[in-house]
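A quick write-up on the structure given underneath.
The values are calculated or read from the model by the stated rules, or taken from the named source; none is laboratory data. Quick caveat: nothing in here was measured; it's all calculated off a predicted structure. For neighbour counting, all protein chains shown are included, and Cβ atoms are generated from backbone atoms with ideal geometry for every residue, glycine included. Just the protein is used for accessible areas: all its heavy atoms, side chains included, with ligands, DNA and RNA removed. Shrake-Rupley method; radii C 1.70, N 1.55, O 1.52, S 1.80 Å.
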Amino acid sequence: MKKRMSLFVALVMILGLTLSVIPGSAEEQITLNFWHIWPTDQMSEIVDRYIEIYESEHPNIHIESSAYQEVDYQTAKLPIAAATKSQGDVFFCWGGGAAQTYVDAGAVLQLDPYLEKYGIYDEILDGTLTYGTYNGGVYGLPLKQWAGVLFCNQELFDQYQVKIPETWDDMMDAVKTFRANGVTPLVLGAKDAWHIGMIQNALAVRTAGPEYVNAALSGEATMNCEEIIRSAQLLVDLNHADAFCNGTLGISSEEAQEEFYMGMVAMYFGGSWCASGCDSEDNDLVGKVTVTTLPVVDGGKGDATTYSGGVIDFMMVNAATEHPDEAFDFAYGMTKYMSQECYKIGDSLPAWKLPDIDESEVSPTLIAIKNLIQDSTGYVLAWDTFLAGAAIDAHYQALQALIADTMTPEEFAVAMDEAVKAMYAK
């Protein structure tokens, strides 16, 4: 393994892959601590490969890598360390509401001077800095982006002569036809409330439009409005039309995903990260998946070029680092490299303008998604990554209450409005 990595590093250096803005030197010996959430599997291998590349190009810099389990990192390790600015010199963090506290506390280095000095703005895809920007300043480098799309089992659509839905009427017609033929139209893992949110959040983009939803999530507009009510009502309409499998509140997101991968379900609304599973030889869908946007809603303010999704994963630099230039340089290289490699393995869509890549080994479904969203005009992050604390809990409870028919769409909008206002009141 070590020999293979060394050969890989040599090849990268020969090809001159630009992953650093500070040239290597033999100056003072420096150690940078890098905190991240990939202790195992492919992501860990990608991290280790780039560290070897970077240390080879910068013999005076040693990278001390610390990998933590995601939940512990998010809920305990990072918040406790950031309170005293003792997190890694470079650290992974979620953008939006998750990093707001750290930025406000002065624990994160503003990166605009570096982006301007080295012309890096031109290397980053439009819109991918949105949720790493606070008070007009950039504090995070975008790692990868995602988009919520509708995965369709084309074999089932052909078998029952159903049209891939473009409008909400098409969607409801498809649900009716599949259900009449004993096929589950749309699988939902409602045991995990965030999975319900995937659909409702995307419907809100359709009904209210991305600008309004982003404003509402930011506390600048009300959640208690006709458009948010309608997004909840459309979700309830799906449920009442038996779009989902029986006992959906007892099914996890992973179980729901597996049912789609096994070819048992006509449609699955999920993130672009599901692409690699659609193309896995371990599943029954290889060559059978068509991806499309969530159908448009009559009278809605969000058209087919708007999506739930965007960038929530960022690399950030500790404001207290003793080596800000080197820390930024490593963060820049690691982020850009990981964005490219994550795309290659089918994990996510790139957030950077990447060099020409041989896409023959990239997930065909992910390539289809990349092509689908190339003319996108707006994104809204999943609400549970935009919000924080009790507001997330309130959102989850309201979503499951909608599916359980214990809350009306009107009550959902009121509950969300109260939760967002309470969050910003703090």
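A few comments on the model shown:
- Of the residues screened, THR321 is one that is among the β-branched types (Val, Ile, Thr), crowded, with 17+ Cβ neighbours inside 10 Å, in a loop (DSSP other than H, G, I, E, B) and in contact (Cβ under 8 Å) with a residue 60 or more places away in the chain.
- Residue match in region 225-243 (condition: assigned to a helix (DSSP H, G or I), open to solvent by less than 10 Å² (accessible area, probe 1.4 Å), closer than 20 Å to HIS395 by Cβ and not hydrophobic (A, V, I, L, M, F, W, C)): yes
- LYS77 modelled with pLDDT of 95 or more, surrounded by fewer than 21 Cβ atoms within 10 Å (Cβ to Cβ), within 25 Å of the chain's Cα centre (by Cα) and farther than 30 Å from MET172 by Cα: yes
- Residue, nearest to the chain's Cα centre (by Cα), within region 346-366, restricted to residues that are in a helix (DSSP H, G or I) and surrounded by fewer than 19 Cβ atoms within 10 Å (Cβ to Cβ): PRO364
- Test result for ASN135, open to solvent by 40 Å² or more (accessible area, probe 1.4 Å), out of contact with any strand residue (DSSP E or B) (no Cβ under 7 Å at 6 or more places or on another chain) and assigned by TED's automatic domain parsing to the domain that holds ILE46: yes
- Any hit, region 68-89, residues being within 19 Å of SER20 (Cβ to Cβ) and either touching a residue at least 60 places away in the same chain (Cβ under 8 Å) or part of a helix (DSSP H, G or I) (or both): yes
- Any hit, region 270-277, residues being over 28 Å from PHE92 (Cβ atoms), open to solvent by less than 40 Å² (accessible area, probe 1.4 Å) and either without any contact (Cβ under 8 Å) to a residue 40 or more places away in the chain or in a strand (DSSP E or B) (or both): no
- Screening GLU52, GLU64 for residues that are open to solvent by 80 Å² or more (accessible area, probe 1.4 Å), at pLDDT 95 or above and under 26 Å from TRP94 (Cα atoms) leaves exactly one candidate, GLU64.
- Residue within region 278-293 that is assigned to a helix (DSSP H, G or I) and either at positive phi or in contact (Cβ under 8 Å) with a residue 12 or more places away in the chain (or both) present: yes
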